[in-house]
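The values are calculated or read from the model by the stated rules, or taken from the named source; none is laboratory data. Note that the structure is predicted; figures quoted are calculated from it, not measured. Reconstructed Cβ throughout: ideal geometry from the backbone, glycine too, with neighbour counts over all protein chains shown. Ligands, DNA and RNA are excluded from the accessible area calculation, which covers all protein heavy atoms including side chains. Shrake-Rupley method; radii C 1.70, N 1.55, O 1.52, S 1.80 Å.
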Amino acid sequence: MSHSVNMALEKLIDTGLPVSVSVMFACPWYQETVEMLKRHPDVAVGIHLTLNSEWKNYRWGPVSGRGTVPSLVDPEGYFFPTSEALHQNHPKLREVERELRAQIERARRSGLKIDYVDYHMGTAVRYPEFRELTERLAHEYGFGMSEYFGETRGNPQYEAAPAAKTDSLLALVSRLQPRFNLVVTHVGIDNEELGALLDMNTDGGLSEMSKNRQGELDALLSARFSEALKAGNVRLITYRQLIEMQGLKSMRRPVS
């Protein structure tokens, strides 16, 4: 998403923790992310399918070109800040497909090995016609789909105050369910770049987002988190490993 997020990501990768990184190929800083991930080929890479742009004064639009998918953009030519605003604009499904394909093709051209897809703000699977399209594209390209392997998803540390994020993450570790769990995290460096961004997402954006993302990074880097994993006999794996273990044919649409 930004240079500050990339800096935090590299700190996390350098610890050796198995991580899966979902790249927003519609964002300006994706090229830096690609170069970083090429230095770390063991990291599983996903395409964070993007149909929204939710930050005030830092916007992005379609990879396919705003004139090619006019039903997906606001009057300024950027993605809408929320899923609801996009849906209220009556997006044409053929344009959604054109844009998602453009993001997938950009990802493939990057030279990275792509393992899976997931969904920025959930938009690419939020509506039945979007979900069916995303499933079809994942099948066509041979990608895994996040949350289609029976994973129990959790990210309570996201809502916790920065100082409480480590405690929240440890509490999550203590109640993990067998067999697979998905822990979603948003890391960043608390600096001027990230601190300048204001969330326009009406689903409830966090105030002081940069401090919250720094808090998630600190929690993941903490000795307490590492000790909790060992004490709980928790094995961290990536989506690439999960797909190798389960196979793409095991994927099932999650029960809503």
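Name the residue that is least open to solvent (accessible area, probe 1.4 Å), counting only residues in the range 1-60 that are under 18 Å from Asn191 (Cα atoms) and aromatic (Phe, Trp, Tyr). Per the criteria, the residue is Trp55. Can you say whether Asn201 is under 21 Å from the mean Cα position of the chain (by Cα) and outside any loop (DSSP other than H, G, I, E, B), as far as the supplied structure shows? Answer is no for this residue. The condition of being in contact with a strand residue (DSSP E or B) (Cβ under 6 Å, 6 or more places away or on another chain) and among the aromatic types (Phe, Trp, Tyr) holds for only one of Tyr78, Tyr58, Tyr119, that being Tyr119.
Within the range 106-126, the only residue that satisfies the criterion of being farther than 22 Å from Leu242 by Cα, surrounded by 17 or more Cβ atoms within 10 Å (Cβ to Cβ) and out of contact with any Phe, Trp or Tyr (no Cβ under 9 Å at 6 or more places or on another chain) is Met121.
The combined condition, being surrounded by fewer than 20 Cβ atoms within 10 Å (Cβ to Cβ), closer than 27 Å to Leu229 by Cα and within 18 Å of the chain's Cα centre (by Cα), is not fulfilled by Thr82. Considering only the range 177-195, state which residues are more than 16 Å from the chain's Cα centre (by Cα) and open to solvent by 60 Å² or more (accessible area, probe 1.4 Å). Hits for the range 177-195 are Gln177, Pro178, Arg179, Asp190, Glu192, Glu193. Looking across Asn89, Asn57, one residue alone is free of Cβ contacts under 8 Å to residues at least 40 places away in the same chain and farther than 29 Å from Gly142 by Cα. It is Asn89.
Of all residues in the range 232-256, those that are closer than 19 Å to Thr185 by Cα and free of Cβ contacts under 8 Å to residues at least 12 places away in the same chain total 1. Being part of a loop (DSSP other than H, G, I, E, B) and closer than 28 Å to Asp115 by Cβ is not true of Val34. Looking only at the range 116-160, residues that are free of Cβ contacts under 8 Å to residues at least 40 places away in the same chain and polar (S, T, N, Q) come to 2 in all.
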